[in-house]
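Here's the structure we're looking at; comments come further down.
The values are calculated or read from the model by the stated rules, or taken from the named source; none is laboratory data. A quick note: this is a predicted structure, and the numbers were derived from the prediction, not measured. With ideal geometry, Cβ positions are generated from the backbone for all residues, glycine too; neighbour counts draw on all protein chains shown.
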Amino acid sequence: MSDWLTCLSPLRAPRTTSSPGSARARRWVRRSLCRLFIGCFAIAAAAPAGAHPLSLQECFEGGDFIAHAAQARDNGVTKAAFNDKLTADIYLIQAFPRELRWFVVDSEDAEFLQIEASLVFDRPQAPETHRADFLSRCFDRQGAGVRASLSDPTFIQ
């Protein structure tokens with residue numbers, strides 16, 4: 001069996017009659033270390049990397065999405081129907097690699113967008129008002145970096 005596969009074979013403690021330098025004891029230690037390494041790697045890979053910072057463009061595109069949600073509401077789409085479609089779309093987007101996703105790169109982005117879309121139906125206002133409120137909250141998530149970009153005279157939307 002190849003060395004890298006030996007760490008996947010059943011782990012048995014060496015017999016007490018084995019000397020510390022025996023081949024069986026060395027294999028047991030090697031398998032144990034291999035499994036420890038694989039376990040650490042799996043935990044590190046599964047751990048969330050934290051919320052990705054939304055770009056200025058993502059905030060503006062998200063604002064357009066929220067304005068369109070308000071227009072859909074004004075055209076008779078119910079909150080339940082909209083949220084069901086949004087949830088299905090988020091699941092579809094999350095099937096793509098992170099680098100190919102728009103806005104909902106991680107679960108925090110998805111939750112933010114779902115909460116904001118729900119506000120469109122819970123507190124009806126004009127689409128542009130919802131867009132402005134969304135942009136304010138989106139920029140707040142980014143901190144001073146986005147606000148500084150907006151005050152830059154060379155910034156063009």
Fill in the blank from the handout: Counted residues in region 105-118 being out of contact with any His (no Cβ under 7 Å at 6 or more places or on another chain) and surrounded by fewer than 18 Cβ atoms within 10 Å (Cβ to Cβ) come to 6
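Is it the case that region 94-104 has a residue that's at pLDDT 95 or above, exposed (fewer than 13 other Cβ atoms within 10 Å of the Cβ) and aliphatic (A, V, I, L, M)?
The answer is no, given that none of the residues of region 94-104 is at pLDDT 95 or above, exposed (fewer than 13 other Cβ atoms within 10 Å of the Cβ) and aliphatic (A, V, I, L, M).
Which residues, counting only those in region 100-128, are in a loop (DSSP other than H, G, I, E, B) and either aromatic (Phe, Trp, Tyr) or in contact (Cβ under 8 Å) with a residue 60 or more places away in the chain (or both)? Full working, then the answer.
We begin by selecting, within region 100-128, every residue in a loop (DSSP other than H, G, I, E, B); these are 101-106, 123-126.
Those that are in a loop (DSSP other than H, G, I, E, B) and either aromatic (Phe, Trp, Tyr) or in contact (Cβ under 8 Å) with a residue 60 or more places away in the chain (or both): Trp102, Phe103.
Across region 72-93, what is the total count of residues that are exposed (fewer than 14 other Cβ atoms within 10 Å of the Cβ) and either of a type outside the set (Asp, Glu) or within 14 Å of Gln114 (Cα to Cα) (or both)? So that I can check it myself, show each step before the final result.
Our first condition is that a residue be exposed (fewer than 14 other Cβ atoms within 10 Å of the Cβ); within region 72-93, this holds for 74-76, 78, 80-81, 84-85, 87-89, 91-92.
Adding the requirement that they be either of a type outside the set (Asp, Glu) or within 14 Å of Gln114 (Cα to Cα) (or both) leaves 75-76, 78, 80-81, 84-85, 87-89, 91-92.
Residues that pass the stated criteria total 12.
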